Each structure stands twice: as structure tokens, then as C-alpha cells.
1. Three principal axis extents, largest first, for the C-alpha atoms of the stretch 10-343, in Å?
2. Of the beta bridges DSSP finds with both residues in the chain, what % are antiparallel, to the nearest 5?
3. Going 7 Å from the Cα of GLN279 along its beta-carbon direction, which residues of the stretch 131-158 have the amide nitrogen within less than 18 Å of the resulting point?
4. Calculate the dipole size of the chain relative to its Cα centre from +1 charges on Lys and Arg beta carbons and -1 charges on Asp and Glu beta carbons; express the result in debye to the nearest 20.
5. Which order do peptides 195-203, 278-286, 121-129 fall in by mean Cβ count within 10 Å, highest first?
6. Which of the aspartates and glutamates could a cross-linker span from LYS347 if the Cα-Cα distance has to be under 14 Å and same-chain partners fewer than 8 positions apart are dropped?
7. List the aspartates and glutamates whose Cα lies under 12 Å from the Cα of LYS184, skipping any in the same chain that are fewer than 8 positions away.
8. If you take the beta carbon distance between ALA173 and SER241 as r and set R0 to 25 Å, what does 1/(1 + (r/R0)^6) give as a FRET efficiency, to the nearest 0.05?
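Rule-based calculations on the coordinates, nothing more; no lab input. Predicted model only: the values in this text are computed from it and were never measured. Cβ placement follows ideal geometry from the backbone for every residue including glycine, while neighbour counts extend to all protein chains displayed.
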Amino acid sequence: MTDAQPSSFPLNRRTMLGGAAIAALGAAGLGGFLVTENRIGPWRLTARGLVDRLQDTAGGSFPGCRRNHAKGVAVAGYFESNGNGVELSKASVFRAGRYRLDGRFSLAGGNPHMPDVPTAPRGLGLRLFLPGREEWRMAMINVPVFLDATAQDFYDRTLAFAPDPATGKPDPAVMKRYIETHPKTAAALGIIEQGAPPPTFATSAFFGLNAFRFTDGDGVTVPVRWRLEPDSPPPATGPGSGDSALFDGLVADLERGPLRWRLVVVVGEPGDPTDDATQMWPSNRRAVHVGTVVLDRVATESAGNVQDVNFDPLVLPNGIEPSDDPLLHARSAAYSESYRRRAGESKPLGAVVVKEV
Ligand code: HEM
């Protein structure tokens with residue numbers, strides 16, 4: 001698969017960076033920026049800069065691994081489309097039927113050996129194989145809002161929330177200062193912290209967060225967001241114990257039988273923000289259940305499954321288009337840069353080892 005795209009994709013926003021931030025980047029980090037005006041800025045944020053920042057704050061060097069969501073496991077199954085999505089989009093995936101997919105559960109962070117902290121964002125990447133060699137790729141997390149509205153905010157927060165090399169933990173004073181000066185992040189954290197994270201991957205919901213556009217057969221376009229709602233028969237096995245408690249629980253759950261999630265598409269109305277993933281849409285928006293994701297296999301990441309896949313959120317079938325959310329192009333470019341780097345490195349054994357049964 002040739003997923004790589006140009007790595008120096010310029011991102012939209014320019015900003016001033018403080019001297020401390022620049023010092024923390026080090027020589028490697030500076031390679032990702034173009035100095036366009038005076039001594040310390042403004043800078044032009046690039047995909048290379050974003051991935052350098054993730055790499056520099058990962059707490060070590062992990063060749064061959066994703067530069068974010070490094071810890072993960074491969075899964076496979078199918079999407080059972082119920083036909084309800086046809087009224088919203090002409091994409092073939094919404095015609096009733098079964099479409100093969102593969103995917104990857106992950107935890108946010110650049111260290112593939114990180115312990116399964118319950119509050120670490122949980123990721124699910126999916127790749128649906130559609131007629132005519134089309135694909136629908138998505139990468140979702142288990143919280144209903146994102147902490148950053150722009151790539152620049154993501155870049156700045158990654159440093160502010162990074163573990164301090166001296167203690168191995170984020171510096172609470174630095175985090176506090178960042179939150180106090182970033183009201184959108186503060187508001188999003190307030191929403192996320194309203195509930196404890198569910199105990200397992202199987203009981204987690206996953207949110208696409210960024211808005212997209214659906215176009216139907218008559219050319220009518222509507223803004224949408226989507227989420228996966230857990231729909232597996234209880235009881236889930238529950239988390240295991242130890243550093244891979246969440247992943248071990250997932251493997252145990254899948255050994256007992258398939259896991260299911262309802263795919264729900266939420267239709268936006270005029271005035272709903274489509275360019276800001278930190279903001280929720282009102283809860284009374286129309287929600288259409290368009291089908292069910294069924295996962296029935298799990299395996300250690302390898303060249304034969306999702307190791308060499310880039311779950312680029314801009315790989316979309318005809319009938320689904322990106323919105324004006326600036327994160328989408330930034331994500332696509334950063335994932336491509338991360339993919340390019342890891343593709344050229346020798347691969348470690350998958351971070352989560354699934355025993356053959
Ligand atoms: C500017 C914002 C963001 C940046 C710079 C960023 C960056 C990255 C990078 C570099 C990777 C590794 C890609 C690879 O090597 O294949 C990654 C993976 C991932 N990201 Fe993001 N991300 C951003 C926003 C988001 C958002 C909003 C979501 C959720 C909606 C998300 C969910 C994920 C998931 C689930 C993965 C793992 C996919 C996999 O298993 O391959 N990210 N991200």
C-alpha cells in the first residue's frame with residue numbers, strides 16, 4: 001500500500017511560539033518548520049513539525065511504530081448495512097448488505113509499551129472494503145469531543161501535557177496554565193470528565209468527532225458526524241490486570257464471540273459548527289442508525305494485517321466528503337508523515353501479543 005503523501009504539507013494557521021517551546025523542540029524538531037519572518041516566529045506548522053512534536057514527547061524512541069496510538073492490536077470483521085443511510089448518502093456502503101473490514105484498537109500516545117491507563121484516549125481505526133475498490137477509512141476515539149480545535153492547538157497541547165522527563169509524569173502546573181489559557185480545551189475537558197471511562201474496549205463508544213458531508217443521489221448535501229455505540233450482549237469479560245489490562249480484556253471478549261457496535265450518523269442543522277471538534281452539536285439532532293460493525297477476529301499487529309495501514313480519515317467513498325474542519329487535512333498529512341517514517345524502519349513485534357487459540 002502506498003499511503004505516503006508529501007510530508008511538508010503546510011497547515012493553515014501561523015503562530016508565535018515562546019522561546020521555551022522552541023528550546024524544548026531541540027534540533028530535530030526545528031527541521032519541521034519554516035522560519036518565515038523574525039527571530040522566533042511566526043512559524044509555519046507542517047506535518048513534519050507535528051510528528052516531530054509527537055515523537056519528541058513520546059518518552060523514548062520507538063522505530064517502526066506509529067508516532068501516535070503506538071500501542072494497538074489488529075481486528076477484523078464486517079459492517080452489516082441496514083439500508084437506512086441511503087437517504088443521506090449515495091455511498092455504496094449504505095446499500096443494505098455486508099462489507100468486509102479490518103481495524104485496529106489502540107491507546108493514544110507514542111509509546112507502544114505504555115500501561116493501559118483507563119483515562120488514556122482509546123482509539124479504533126476501521127477500513128471498510130467497498131464495491132469498485134473504494135474504501136472508507138476512519139479513526140475514532142472514545143470521547144465525545146476533541147481537546148483541540150486546530151492543529152496548532154494540538155501541537156501546543158502535546159507539549160504542555162507531555163510527561164516531564166524528570167518525573168515521567170506531566171507537570172500539573174504546566175497543564176493548568178495551558179488549560180487556563182485555552183478555554184476550548186477547558187470546556188472539552190469538562191465534558192469528557194463528566195463520566196468515568198467504561199471498563200473495557202467492548203463497552204466503549206467511539207466518536208468520529210470531525211464533521212463530514214454526505215451527498216445523496218439527488219445531489220443534496222448535509223453535514224454529519226458519526227459514532228459507534230456498543231451493542232454487544234452483556235456481560236463483557238471486564239478488563240484484565242497488569243499493564244495490558246484493556247487489551248487482554250478485549251482479546252478475552254473476542255474469544256467468547258463477536259463484538260458489535262451500532263453505527264449512528266448524526267445530521268447537523270444550520271449553525272452547527274462543522275469546523276470545531278471541541279464543540280458538541282445539540283443532543284436533539286436527528287440520529288440515524290445505518291448499520292452494525294461486527295468484529296470477530298483479533299491478532300497481533302503484523303505485515304499481514306493492519307501494521308502497514310494508514311487509517312487516514314480522508315480516504316472516503318464517493319458520497320462522503322470532508323467538511324471545513326481544519327483538523328481533517330492536518331490529520332491526513334500527519335498520519336501520512338508518521339506512516340512514511342515507520343514504513344522505512346524495521347518493525348518490532350506488535351506491542352500487544354495475541355496468543356493463537
Ligand atoms: C491535529 C490533530 C491530530 C493529529 C496531529 C494526529 C496525529 C496522529 C498520528 C501521527 C497518528 C499515527 C498515524 C499512523 O502512523 O498511522 C495518529 C493515529 C490515530 N489518531 Fe490521530 N491525530 C489528530 C487528531 C485525531 C482525532 C481528532 C482523532 C479522533 C477522531 C484521532 C484518532 C486517531 C486514532 C484512532 C489513531 C490510531 C489509528 C491507527 O490505529 O492506525 N486523531 N494520530
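1. Its Cα atoms span 58, 48, 39 Å along the three principal axes.
2. Values: 65 of 65 bridges.
Roughly 100 percent of the DSSP beta bridges within the chain come out antiparallel.
3. From the stretch 131-158, the list is 144-154.
4. For the chain, the charge dipole is close to 360 debye.
5. Details: 195-203: 18.0, 278-286: 14.1, 121-129: 22.6.
By packing density, highest mean first, the sequence is 121-129, 195-203, 278-286.
6. Once the sequence-local aspartates and glutamates are set aside, what remains near LYS347 is GLU301, ASP308.
7. Output for LYS184: ASP148, ASP153, ASP276.
8. Working: r = 33 Å, r/R0 = 1.31.
Efficiency, from the Cβ-Cβ distance: 0.15.
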